[in-house]
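Just below is one structure, and these are the notes that go with it.
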């Protein structure tokens, strides 16, 4: 059970949407799906050496109340920073979701 007092952060879940202009041009943008209260379980910022040099990989784990329809194709926006959803773990029987996220490279 997720206690309401632990849900002290606000996140926005966004989904990529395509729009077609009158000219026929297709554009993609991230549209908000839901704004929910969340618990920030873990936040990490690991620097590691990659093939192209040093990079900063930030990750976060959020717990929210159960919300149907969330997929790994969606994104989480927290404190103005976008995070890709890497993994979704259901907690209990539709009581909550744990979203494991990684920061989107700019």
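Before moving on, here are some points about what is shown:
- In the condition set (1) farther than 17 Å from residue 9 by Cα; (2) at pLDDT 90 or above, residue 92 is compliant with all but (2).
- Test for residue 21: is it at pLDDT below 90 and either under 12 Å from the mean Cα position of the chain (by Cα) or farther than 29 Å from residue 96 by Cα (or both): yes
- Leading residue by the ranking (modelled with the highest pLDDT) among those in the range 30-53 that are touching a strand residue (DSSP E or B) at 6+ places or on another chain (Cβ under 6 Å) and over 23 Å from residue 66 (Cβ atoms): 44
The values are calculated or read from the model by the stated rules, or taken from the named source; none is laboratory data. Keep in mind that this is a model prediction, so the values were computed, not measured. In this analysis, Cβ positions are derived from the backbone assuming ideal geometry, glycine residues included, and neighbour counts consider all displayed protein chains.
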